[in-house]
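Asker: Structure provided below as structure tokens; questions to follow.
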Amino acid sequence: MTPHMILTNARILTMDPQRPRAEAIALSGERIAALGDRAEIESMAGPATEIIDCNGATLMPGFVESHLHLVLGGTELAHLQLTHVEGEAALARAFRDFAAENPGQALLMAQGGHYAMLDHPMTRHDLDRIIADRPIAITAHDHHTVWANTAALEAAGILHGGKTPPGHEIVLGPDGTATGELREFEAFAPVVAIGGESRLYLGIATGAEPAPWPSEAEQAIDRAKAARGLAHAARHGITSMVNMDGNRYTLELLRGLQREGGLTARVRVPFHFKPHMDLSELDRAEEMSRDFDDDWLSCRFVKMFMDGVSDSRTAYMLNDYPGHPGHRSEPLFPAPRFNEIATEVDRRGMQIAVHAIGDAAVRTTIDGYEAARTANGARDSRHRIEHIEVIDPADVPRLGALGITASIQPVHAPGAMDFALQPTLDTIGRDRWKDMFLCRTLVEAGARIAFASDWPVTDVSVLRGIGGAMTRAPYEGAEDQRIPLADVLRAYTADGAWAAHWENLTGTLKPGLAADVVVLSGDIEAVAPSEIAGMQVSRTICGGKTTYSAG
């Protein structure tokens, strides 16, 4: 078949060990037709073949984003962005300008705040000084805390507290009123609801479906937010993604885009299992996996949260937090309960992905995966642990031994990209710096890794992520955790695809696999590591179709 597109004069990194490099690639329909040298591939062109000269730039498999929140990210693109906004004066300017630009908005929501952006713990009174007559709120960069002003708390009906499940907290002051700090999803869900976006947060907050089911007009609004997220991802070379929140509604939104020809990446969406659920709820996960199972849209996995995050001290630790005797936080799933759930999910043949940040959460998750293997026998499950920000040295070799995927975000390490060193380093404590945000140590111990951004927690830019992974400085007393560029690129392509059970579809460039390709603005192997973050994506192709072109 005559190819419809040939990309030539490229430095192609195929991620295929049998043929690691090529100069040109031919695409036919949704698949790769051939790779080879320029003369060989260019001779395949017909009159209608589009020929693209890559000018010596790197061409790779389209990036696999192994952990993001697509619809939430698309939604938040319209919010106020606070990355690098520091101090009350700058915060006030940003919010007042945003308020003037959005006079009719029910909730003025900001993203990217951090726990030390003021010189004291933020309260509703701080936000009241900025804007008191309209509801305003700030989501922390880790998306596990929201700070709201008094007007927002009143509108949400939680100024005097409210009922939340364990691990979620409306923080109250000594006078019995809310301080403005809302910890974890179900504590700040009432504030999110003011802005009319609550149905999009169900996949991460409760795992439930919208009730009543959204009208076609409401679904169209939500599809547009998902499309905005997909377009943003395409700009950064992403052709496949593992969404880390979800329910059937998320899948239905994406299927709607698929019918319209607007699904520009392959997406896996999980069933989110929450602590209040009974094992019978896994029937819903199986139904989602049965009803959505093609090369573009699939489920086949269950997502869980074992703990929170370190900055709010909700990450579950083996030892007390420094300066907080007796406080280690608690698991959202006690070990016997998690073992039971993991064993049942594994028995049903689905993959498991668990958010585990503290070393106790990581150990509990590993123990659960080991219990599932003992009960059901070993299989190619590729169960995952998401984040692994702190791990006890005794648990490091267990990942490789048990075939557990380390799904990690190199850009989350404080100092690697947008996250400041403090307060995280002090919150976790100097004696644990050597056990924080490990990468090379995990690889050397036999763990398979997949890299991601956790967008919108951090910038979705894969090139910035690669740059951050390549330039991150070690913490005092800790080993250098960087891995070679070739391994970083694999973690964003072939190994990410493997972790998602996509290795026979994408992540590698070879004939017969999906025509998922990214072309960069230059030769990534020739530039200094410090310059990688400044590179651009010049073209993204998914399923043989250009989903982004720089011009």
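Asker: Going by the structure shown, is residue 197 touching a residue at least 24 places away in the same chain (Cβ under 8 Å), touching a strand residue (DSSP E or B) at 6+ places or on another chain (Cβ under 7 Å) and not small (Gly, Ala, Ser)?
Answerer: No.
Residue-by-condition table, conditions (1) crowded, with 17+ Cβ neighbours inside 10 Å; (2) closer than 26 Å to residue 499 by Cβ; (3) assigned by TED's automatic domain parsing to the domain that holds residue 456:
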| position | (1), (2), (3) |
| --- | --- |
| 15 | yes, yes, no |
| 20 | no, yes, no |
| 23 | yes, no, no |
| 34 | yes, no, no |
| 39 | no, no, no |
| 44 | yes, no, no |
| 50 | no, no, no |
| 53 | no, no, no |
| 58 | yes, yes, no |
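Asker: I need the full set of residues from segment 312-330 which are in a loop (DSSP other than H, G, I, E, B) and surrounded by fewer than 21 Cβ atoms within 10 Å (Cβ to Cβ), in order please.
Answerer: 312, 313, 318, 319, 320, 322, 323, 325, 326, 327, 328, 330
Asker: OK, next. Residue check: is residue 340 charged (D, E, K, R) and touching a residue at least 60 places away in the same chain (Cβ under 8 Å)?
Answerer: In short, yes.
Asker: Further, regarding this structure: Working only within segment 45-79, note down all residues that are in a strand (DSSP E or B) and closer than 21 Å to residue 464 by Cβ.
Answerer: Within segment 45-79, 58, 59, 60, 61, 63, 64, 65, 66, 67, 68 qualify.
Asker: Being among the β-branched types (Val, Ile, Thr) and under 14 Å from the mean Cα position of the chain (by Cα) narrows it down to one residue among 506, 441, 458, 493; which is it?
Answerer: 458
Residue-wise test of (1) of a type outside the set (A, V, I, L, M, F, W, C); (2) assigned by TED's automatic domain parsing to the domain that holds residue 311; (3) free of Cβ contacts under 8 Å to residues at least 24 places away in the same chain.
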{"site": "83", "(1), (2), (3)": "yes, no, no"}
{"site": "87", "(1), (2), (3)": "yes, no, no"}
{"site": "97", "(1), (2), (3)": "yes, no, yes"}
{"site": "100", "(1), (2), (3)": "no, no, yes"}
{"site": "114", "(1), (2), (3)": "yes, no, no"}
{"site": "121", "(1), (2), (3)": "yes, no, no"}
{"site": "125", "(1), (2), (3)": "yes, no, no"}
{"site": "133", "(1), (2), (3)": "yes, no, yes"}
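Asker: Hey, another quick one. Here is a list of conditions, (1) in the same structural domain as residue 302 (by TED's automatic domain parsing); (2) buried (at least 21 other Cβ atoms within 10 Å of the Cβ); (3) outside any helix (DSSP H, G or I), and residue 468 meets all of them except one; can you say which number that is?
Answerer: The failed condition is (3).
Asker: Also, I was wondering about something else. How about segment 163-194: which of its residues are among the small types (Gly, Ala, Ser), without any contact (Cβ under 8 Å) to a residue 60 or more places away in the chain and either part of a helix (DSSP H, G or I) or closer than 18 Å to residue 312 by Cβ (or both)?
Answerer: 173, 178, 180, 187, 189, 193, listed by residue number.
The values are calculated or read from the model by the stated rules, or taken from the named source; none is laboratory data. For clarity, every value in this text was computed on a predicted model and none was experimentally measured. Heads up, the Cβs are rebuilt from the backbone with ideal geometry, glycines too, and the neighbour counts pull from every protein chain shown.
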